[in-house]
1. Does segment 83-99 include one or more residues that are over 60 Å from the mean Cα position of the chain (by Cα) and in a helix (DSSP H, G or I)?
2. Which of the residues belonging to segment 489-500 are surrounded by 13 or more Cβ atoms within 10 Å (Cβ to Cβ) and of a type outside the set (Asp, Glu)?
3. Would you point out which residue out of Ile304, Ile281 is touching a Lys or Arg at 6+ places or on another chain (Cβ under 7 Å), surrounded by 15 or more Cβ atoms within 10 Å (Cβ to Cβ) and in a helix (DSSP H, G or I)?
4. If we keep just the residues of segment 247-274 that are assigned to a strand (DSSP E or B) and within 38 Å of the chain's Cα centre (by Cα), which is surrounded by the most Cβ atoms within 10 Å (Cβ to Cβ)?
5. Given the criteria more than 27 Å from Arg394 (Cα to Cα) and surrounded by fewer than 19 Cβ atoms within 10 Å (Cβ to Cβ), does Arg236 qualify?
6. Looking at (1) at pLDDT 85 or above; (2) among the charged types (D, E, K, R); (3) under 29 Å from Val263 (Cβ atoms), which is the one condition that is false for Glu411?
7. State whether one or more residues within segment 363-386 are open to solvent by 60 Å² or more (accessible area, probe 1.4 Å), more than 19 Å from Lys445 (Cα to Cα) and in a helix (DSSP H, G or I).
8. Which residues, counting only those in segment 250-286, are on the phi > 0 side of the Ramachandran plot and either charged (D, E, K, R) or at pLDDT 80 or above (or both)?
Amino acid sequence: MDTAIITLAISSALCSVIGAASFLAGGLLTVYVYRILIKKKRLNMIKEAELEAEVIKKEKILQAKEKFYQLKSEHEKIINEKNNKINQVENKIKQRESALSQRIAEAQKEKAETDAIRENLNTQLTLVQKKSDEMERLHKMQVEKLETISGLSGEEAKTQLVESMKDEAKTEAMSYVNEIMDEAKMTANKEAKKIVVQSIQRVAAESTIENSVTVFHIDGDEIKGRIIGREGRNIRALEAATGVEIIVDDTPEAIILSAFDPVRREIARLSLHQLVTDGRIHPARIEEVVLKTEKQIEEEIVEIGKRTTIDLGIHGLHPELVRIIGKMKYRSSYGQNLLQHSREVANLSSIMAAELGLNPKLAKRAGLLHDIGKVPDDEPELPHAILGMKLAERYKEKPEIINAIGAHHDEVEMTTMISPIVQVCDAISGARPGARREVVEAYIKRLKDLESMALSYPGVMKTYAIQAGRELRVIVGSERMSDQESEKLSYDIAKKIQDEMTYPGQVKITVIRETRAVSYAK
């Protein structure tokens, strides 16, 4: 039993040893095989890498060759182009050299011909000089013989001959001048009347008198209430903004706008038309519309000036002169529209200058500009002719134009023939029957004097004479003047009008001072 157990133990121990040996042998074999496989795999990878590197090398070599051939082709192309350009330049140089050689040959040929001609001329001049010397010698001999025969020297004989010819010429000239003067005296009056009549006939302008009121037509009387506004605030705002008296009476479907300044009346008319059309009538809207209308009128004035110069064919005027011409539409001279009067004078001057053989364009330009001194708002104490002359000087007009403007009322001496023509045509235009009305001009001047006098006080911003000069509204700045100073200003203006001006009835002075606080919600 014990032997069996020992045998079994030995057998199991042998089996364990054999198993361990087998396991160790298997592990070593596995490691060996694994190493062999790894080595083969490495060899395969190296071969693949070498093959891939070979392929890449071949591709790079091909690409390099292609790039080389491409660069070579481009380089050859550039070289060919440069060679072509060089050939072209060489051809041009050869052509120029050929032409230059030809010109040099022609020049040498011309020089040879010129030298031959010069030699010929020198020979002829020598002959001429010899003949001249011979003739001078013969002339001296002849003069000496004549002096011996007449007993006078050559200078004495020449002096006597010149004196006798002078006396004879003076006698004939005086006779001729007397004949011309007699003929001119006989025909001058007739020709002058003929030229004036022909000029007037060729410019037959209508005569219209400027009014101081404008009638604004409305569709219905219910609009009058909206224009007046609650407690009259709308109509007061419109009168304050435009300086025009607005008369709303029982006249059906009509409102009367009264002001001596046509610009103000036009601004009021257009503003009222826009307000009535829009339907929104309140003080803030009225002020906004009046401001827009003033800008619109200013643009229209410039457009009228441009259109007038184009119609008359007058070019090159300074932009400020064009603006002054446009503003003539809203100015009057003794009731006669100033723009219509100036256009008429321009056309008359052009026709009369053409009849007299002078420059008609220059005369037309002077005729159009002769009354520009009546337009500026800041009217100094200078006569309008002198003021117009200074404006023309400022805007670089020609001396003939400047003299014609300044001399058309004899304020300065006339220095050109254009000046009397403009003066005569100005008189012709104003002398047409019904062209002017002195009463209207005196009335407008009185209203302007009222406004200018009030505007001379410090702190006054705007002045408006309304109700035919029976009321003067003075608008002052609230930051410049207090309420007490406004009352004193009203009294001072009234006293000055009473002491210095002549006027019918009484004049009401209304000083308006208001404070506005404006903020914006953003």
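1. Within segment 83-99, none of the residues are over 60 Å from the mean Cα position of the chain (by Cα) and in a helix (DSSP H, G or I).
2. Answer for segment 489-500, where residues must be surrounded by 13 or more Cβ atoms within 10 Å (Cβ to Cβ) and of a type outside the set (Asp, Glu): Leu489, Ser490, Ile493, Ala494, Lys496, Ile497.
3. Only one candidate qualifies: Ile304.
4. Across segment 247-274, the extreme among qualifying residues is Leu257.
5. Answer is yes for this residue.
6. If we test Glu411 against (1) at pLDDT 85 or above; (2) among the charged types (D, E, K, R); (3) under 29 Å from Val263 (Cβ atoms), just (1) comes out false.
7. So far as segment 363-386 goes, no, none of its residues is open to solvent by 60 Å² or more (accessible area, probe 1.4 Å), more than 19 Å from Lys445 (Cα to Cα) and in a helix (DSSP H, G or I).
8. Hit for segment 250-286 is Glu253, nothing else.
The values are calculated or read from the model by the stated rules, or taken from the named source; none is laboratory data. If you're wondering where the values come from, they're calculated on a predicted model, not measured in any experiment. Cβ atoms come from the backbone with ideal geometry, glycine included; neighbour counts cover every protein chain shown. Surface accessibility is based on the protein's heavy atoms, side chains included, excluding ligands, DNA and RNA. Shrake-Rupley method; radii C 1.70, N 1.55, O 1.52, S 1.80 Å.
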